[in-house]
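What follows is calculated from the coordinates using simple rules that are stated; it is not laboratory data. Computed from a predicted model, the values in this text were never measured in an experiment. Every residue, glycine as well, gets a Cβ built from its backbone with ideal geometry; the counts of neighbours run over all protein chains shown.
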Ligand code: DC
């Protein structure tokens, strides 16, 4: 069976670009698990559900159909039949996803979906708890980090490119809130999983990070 590769790390460390490029290089499936939390957050915001209220979130989990479909090698999220696409890529949805992801009912709802997607191997799965909780037996675990200043700069650049400019101070505030929430929560906090290879991408570009990961993979296969 082809391996499972997990890539965890904080917001803005470059996980998505690196994971997509790596999956394309290896012809593996790409799974962005943040998209699952974002999809639920998107529906919560749309339905005016309080993402801090466990009862409302429990109800949301019971009444929402979330599935993953492999579309040309990318696992795509459908919520109640809708491909939520780019609508979940806003700072507002990201922050709401970070908040609702601290609740056990939400994590439980999404766990099997993620594990099923990786059951046949040949997958690059990115998120916060890929190596620690979802795929603890993954053959290759990466923890991708970068200085907070660099992560803020990258997020700013990304938003400008998408024509959704935000001020550096807003991005800094949101990034700090997310870092705190994602790493301090009780269940499945962001950690470097045991055995994870830690890569600091502060002064590396995407292809350099991908090359570093590929070196480790060939080391595992030798
Ligand atoms: O990777 P992202 O920024 O799209 O993720 C959005 C939020 O979802 C993140 O701040 C925390 C949550 N998340 C999580 O709790 N576990 C994951 N495996 C992935 C994301």
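Numbers at a glance
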{"item": "Antiparallel DSSP beta bridges within the chain, percent to nearest 5", "result": "30 percent"}
{"item": "Largest to smallest principal axis extent of the C-alpha atoms in the chain, angstrom", "result": "52, 39, 33"}
{"item": "Peptide ranges 136-142, 80-86 listed from the most packed, as the mean C-beta count within 10 angstrom indicates", "result": "136-142, 80-86"}
{"item": "169, 132, 183 arranged by Cβ crowding within 10 Å, fewest neighbours leading", "result": "169, 183, 132"}
{"item": "Modelled FRET efficiency - R0 30 Å, residue 87 with residue 167, Cβ distances, 0.05 increments", "result": "0.85"}
{"item": "Descending Cα extents along the principal axes, segment 52-93, whole Å", "result": "37, 24, 13"}
{"item": "Cα pair count fraction exceeding 15 Å, expressed as % - segment 1-101", "result": "64 percent"}
{"item": "28, 78 arranged by Cβ crowding within 10 Å, fewest neighbours leading", "result": "78, 28"}
{"item": "Estimated inter-spin distance, residue 16 and residue 74, nm [label 7 Å along Cα→Cβ]", "result": "0.9 nm"}
{"item": "Contour minus Cα-Cα distance for residue 67 and residue 177 (0.36 nm per residue)", "result": "36.8 nm"}
{"item": "Full-extension gain in nm, residue 59 to residue 214, via 0.36 nm per residue minus C-alpha separation", "result": "51.5 nm"}
{"item": "Sorted by Cβ density within 10 Å, fewest first, the residues 123, 88, 198", "result": "198, 88, 123"}
{"item": "Whole-angstrom gap from segment 6-26 to segment 167-222, using each part's C-alpha centre", "result": "9 Å"}
{"item": "Rg/Rg_globular for segment 1-50, with Rg_globular taken as 2.2 N^0.38 Å and Rg from C-alpha atoms", "result": "1.45"}
{"item": "Radius of gyration and maximum dimension Dmax of segment 104-172, Cα, Å", "result": "16.2, 43"}
